[in-house]
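Below is one structure; the comments refer to it alone.
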Amino acid sequence: MEKMRSKSVAAYEWLVDKDHVHWSITYFNDTTICDMLCNNMCEAFSKAILQARDKPVITLMEMIINYLMKWLVRKRAEVEKWNHDIGSNVFKCLRDNQHIVDINKKTCACNRWQLTGIPCIHGISALLSSNCDSIDYIHNKYKKDKLIKAYAPVIYGINGLRMWPKTNDKPLQCPLFKKQKGRLKKARNLQSDEVRVGGKTKLNRNYVVVRCSKYKKEGHNKSTQIEGVGWSLDGFETRQGCTQI
């Protein structure tokens, strides 16, 4: 926090009153065995059904069912091809100060082991010094047999609307619809720190320090052109293709 205050007093004052369980990994709840802080999974699913969102309810549900059917089959096939008991993403975490580590309880003072279920760098160091295999200390939810069970359910297709059984109930009528002005909106609302460039969503570059990769100076980059060549910038010789912004 002191380092943050030295960088930005406003950021420190905004964060100091917030509960630590909402932003500090040390205080996160480890019940879910997940360290994801964003809603990327929801946004990915929302994008996957983008073409179905403006369809009638029955068509919408049929498109979602078809998507989930293919998704489960694809994920199940991917897991069955694993050569090990855990996936490649978990292997990357294993390859990735002093902290207290309890191998038997699978805990570390940094809280990352408890949070993700994957040994952190401190836990791996302790396991190596104890001649233990890191794979044996990974949570069971990452194991191949668990994921095969997770993707085991099968969503069966259904017959078309014309083949549905007839009933004597009064057919449901569509609700009254009033077309809104303007073009139908499909894109999600952007966050305050996002901008849309060329149809793609990117993080806002506000408060981002531009640094020249050639001269290692802040405030300019090497890609922009300059009118003159050979003048000095704080003791650094500036050549064409490197200018101050």
Review point. Over the heavy atoms of F45, what accessible area does a 1.4 Å probe trace out, to the nearest 10 Å²?
Key: 80
Revision key, fill the gap. Over region 149-190, the quotient of the Cα radius of gyration and 2.2 N^0.38 Å is 2.09
Point to revise | ³J(HN,Hα) computed for each position of region 82-89 - Karplus, 6.51 cos²θ - 1.76 cosθ + 1.60, integer Hz, glycine/proline x | key: 4, 8, 10, 7, 10, x, 5, 5
Check your understanding: When the chain is fully extended, how far beyond the present Cα-Cα distance does Y12 get from S88, taking 0.36 nm per residue of separation?
Key -> 23.6 nm
Review point. How many angstrom separate the Cα center of region 2-25 from the Cα center of region 105-135?
Key: 28
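For a quick protection proxy, order the peptides 120-129, 153-162 by their average other-Cβ count within 10 Å, most packed first. Could the numbers behind the result be given before it?
Details: 120-129: 17.7, 153-162: 8.9.
Answer by packing, highest mean first, reads 120-129, 153-162.
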Check your understanding: Along each of its three principal axes, how wide is the spread of alpha-carbon positions in region 82-184, in whole angstrom units, largest first?
Key -> 72, 37, 23
Practice item. For an R0 of 51 angstrom, estimate the FRET efficiency from the Cβ-Cβ distance between K178 and M69 and round to the nearest 0.05. Key: 0.90
Practice item. Could you work out the local net charge near L127, counting Lys and Arg as +1, Asp and Glu as -1, over the other residues with Cβ closer than 11 Å to its Cβ? Key: -1
**Study point:** Pairs beyond 24 Å (Cα-Cα), from K47/K75; K70/K141; K7/K217; K105/K141; K18/K106
**Key:** K18/K106
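The values are calculated or read from the model by the stated rules, or taken from the named source; none is laboratory data. Fair warning: this is a prediction, and the values are worked out from it, not measured in the lab. Virtual Cβ from ideal backbone geometry, glycine too; neighbours counted across all protein chains shown. All accessible areas refer to the heavy atoms of the entire protein, side chains included, with ligands and DNA or RNA removed. Shrake-Rupley method; radii C 1.70, N 1.55, O 1.52, S 1.80 Å.
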